[in-house]
């Protein structure tokens with residue numbers, strides 16, 4: 001499904017989930033249709049600004065399955081930054097990030113690519129603080145290890161845990177902001193001072 005409630009295309013939407021979403025619910029940090037994992041849904045329009053448009057950078061962690069065996073040299077390339085193409089056709093060097101090789105995850109939710117089409121593949125755990133369009137997939141492609149499966153595992157301390165595809169978990173507002181490491185009072189004050 002796509003990470004939105006309305007579309008002019010015939011696709012599965014978030015509203016198709018069996019959940020009574022409040023009016024004005026929207027996705028924060030959407031996933032592309034080929035990706036899986038943690039998706040924040042909120043009615044608070046400040047969350048996107050606080051997480052992705054402010055001065056403080058917030059960490060997002062992804063589990064990705066890539067073609068072929070990844071060596072230490074490739075991990076170091078990813079850690080220090082690689083050149084990717086961005087919207088508008090320009091080149092961009094990614095910021096340093098954390099990346100490690102991991103064993104095949106156990107009890108990963110069903111569906112998605114399982115690696116059977118390729119003789120060799122690797123699983124990586126990658127954490128970064130920036131989010132250019134399809135950046136993680138572009139980074140994997142830049143080091144010649146195309147991404148076959150991409151799962152967002154966490155945003156700061158808000159983790160996917162054992163939440164299964166299509167399930168929704170409500171979180172109390174104070175806990176939500178605490179896990180995301182964002183101050184929900186700061187923007188309110190900034191908006192008031194900016195309006196004067």
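The values are calculated or read from the model by the stated rules, or taken from the named source; none is laboratory data. Keep in mind it's a predicted model, so treat the numbers as computed, not measured. Here the Cβ positions follow ideal geometry from the backbone for every residue, glycine too, while neighbour counts run over all protein chains shown.
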Total residues in the stretch 147-164, condition surrounded by 15 or more Cβ atoms within 10 Å (Cβ to Cβ) and not in a strand (DSSP E or B)
2
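Of the residues that sit in the stretch 2-23 and are part of a loop (DSSP other than H, G, I, E, B), under 17 Å from residue 34 (Cβ atoms) and touching a residue at least 12 places away in the same chain (Cβ under 8 Å), which one is nearest to the chain's Cα centre (by Cα)? Spell out the reasoning first.
Step one: of the stretch 2-23, the residues part of a loop (DSSP other than H, G, I, E, B) are 2-13, 17-23.
Filter once more, keeping what is under 17 Å from residue 34 (Cβ atoms): 2-4, 7, 9, 11-13.
If we keep only those that are touching a residue at least 12 places away in the same chain (Cβ under 8 Å) as well, we get 2-4, 11, 13.
Values: 2: 14, 3: 12, 4: 15, 11: 21, 13: 18 Å.
Step by step, filter the stretch 2-23, then rank; the result is 3.
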Confirm whether residue 144 is in contact (Cβ under 8 Å) with a residue 60 or more places away in the chain, surrounded by 19 or more Cβ atoms within 10 Å (Cβ to Cβ) and more than 17 Å from residue 40 (Cβ to Cβ).
no
Residue 83 is checked against (1) under 23 Å from residue 154 (Cα atoms); (2) touching a residue at least 12 places away in the same chain (Cβ under 8 Å) and fails just one. What number does that condition carry?
(1)
Could we say that residue 70 is in contact (Cβ under 8 Å) with a residue 60 or more places away in the chain and over 17 Å from the mean Cα position of the chain (by Cα) here?
yes
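Of all residues being within 23 Å of residue 12 (Cα to Cα) and exposed (fewer than 13 other Cβ atoms within 10 Å of the Cβ) in the stretch 167-188, which is farthest from the chain's Cα centre (by Cα)? Just the residue, please.
Step one: filter the stretch 167-188 for residues within 23 Å of residue 12 (Cα to Cα), giving 167-170.
Filter once more, so that each one left must be exposed (fewer than 13 other Cβ atoms within 10 Å of the Cβ): 167, 169-170.
Values: 167: 17, 169: 17, 170: 19 Å.
In this case the residue turns out to be 170.
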For strands (runs of 3 or more DSSP E) lying entirely in the stretch 32-125, having 2 or more residues that are surrounded by 14 or more Cβ atoms within 10 Å (Cβ to Cβ) and modelled with pLDDT of 85 or more picks out 40-42, 60-67, 83-85, 98-102
